[in-house]
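Here's the structure we're looking at; comments come further down.
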Amino acid sequence: MHPDRADMPPRHSRREILKSALGGAAVLALGRPAPGAASARQIETPADPAVDLGGGLFVVTVPGEANVVARADADGVLLVDGGSASGSERVLAEVSRIAGGGRIHTLFNTHWHPEQTGSNVRLGGEGASIIAQENTRLWLTTDVTWPWNGRRVDPLPEIGRPNRTFYDDGGELPSGVRYGYIPDAAHTDGDLYVHFPEENVLAVGDAVSGDGWPVVDWWTGGWIGGIVGGIERLIALSDPETRIVPARGRVLGRADLEEQYEMYGVIYSRLSQLLNSGRGPDEAVEARPTEEYDARMGNPDEFVRRAFESQWAYLSPDA
């Protein structure tokens, strides 16, 4: 059970969401994409430490760190994610170099993971507005230990927790930057997107992967059905010219999302069939439900195991 869940407004149960999504997955399975070359409309990411998206908007890339989106404006700098605690100094130095050294006045947390929230304490202490979906704030108030690797993440001090949160509706900043919730739970149950309409850019954190198989954090709400639903939602928010910035890998285009939507729909349908036939995670891995995609995406074993387990989480009696 999520910490402080009783304080949150009513939600559909995971079982209701799964029931609805299973029907959609059956339709998705009818259209299987070919595993050939990537879309011609992909947006290529240069090898420089930043990608200039125009209008003072950049993707800051520091080796070993997740992508950070920085926008310089008249008031200073807005950030989407801030790197890990160990990489924060390098990330913020790179942001300062690229964005002209202005004060960071706003920080979005696309979700609670330490790879994204490592600059929260420093920037919160400097008075930045930290914006997140409410579930993200709640996870940052408690310790989390992932069962698949035993790694424990301690809560953040209060100064580093989001100080401006929302549940469903998101909002818009005076600068025109918009943000909203991705309730499908593609990665966690607190995923958000940030939309820069003038530059036609969506920053989406780990709700989408631009580099190999995604991480399915079912311990804090993410699941395979949410990957399908989340990508569908982002497709609806984009147009053929939109650039989508994931937490990892290159900048994507809508054609990439459409390709991923079909692929994960096929995989979800296959995993659902394995679950409904009484199979377990080991048998799901052995069944090779991602076989035609592996040459392009990489070894799928960890992804398949956790994607399968995520269905258990959504079917558990206390969900």
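Every read-out reported here was derived from the displayed coordinates using simple, explicitly stated rules and does not represent laboratory data. Predicted model, so just to flag it, every value in this text is computed and none were measured. Don't worry about glycine lacking a Cβ; one is built from the backbone with ideal geometry, like all the others, and counts go over all protein chains shown.
Do the conditions hold for Asp256, that is, is it surrounded by 18 or more Cβ atoms within 10 Å (Cβ to Cβ) and closer than 22 Å to Gly205 by Cβ?
In short, yes.
Are any of the residues in the range 257-275 touching a strand residue (DSSP E or B) at 6+ places or on another chain (Cβ under 7 Å) and either closer than 22 Å to Asp217 by Cβ or not charged (D, E, K, R) (or both)?
Yes.
Going through Pro162, Pro147 one at a time, which residue ends up being in contact (Cβ under 8 Å) with a residue 40 or more places away in the chain, in a loop (DSSP other than H, G, I, E, B) and either crowded, with 24+ Cβ neighbours inside 10 Å or of a type in the set (Gly, Ala, Ser) (or both)?
Pro162
Would you call Trp213 within 30 Å of Gly253 (Cβ to Cβ), part of a loop (DSSP other than H, G, I, E, B) and in contact (Cβ under 8 Å) with a residue 40 or more places away in the chain?
It is true that Trp213 is within 30 Å of Gly253 (Cβ to Cβ), part of a loop (DSSP other than H, G, I, E, B) and in contact (Cβ under 8 Å) with a residue 40 or more places away in the chain.
Based on what the data block shows, is Leu107 part of a strand (DSSP E or B) and crowded, with 16+ Cβ neighbours inside 10 Å?
The answer is yes for Leu107.
Does the range 239-250 hold any residues that are part of a loop (DSSP other than H, G, I, E, B), surrounded by 19 or more Cβ atoms within 10 Å (Cβ to Cβ) and within 16 Å of the chain's Cα centre (by Cα), and which are they?
Ala247, Arg250
Please find, within the range 257-288, the residue that is farthest from Ile224 (Cα to Cα) out of those that are among the polar types (S, T, N, Q) and part of a helix (DSSP H, G or I).
Asn276
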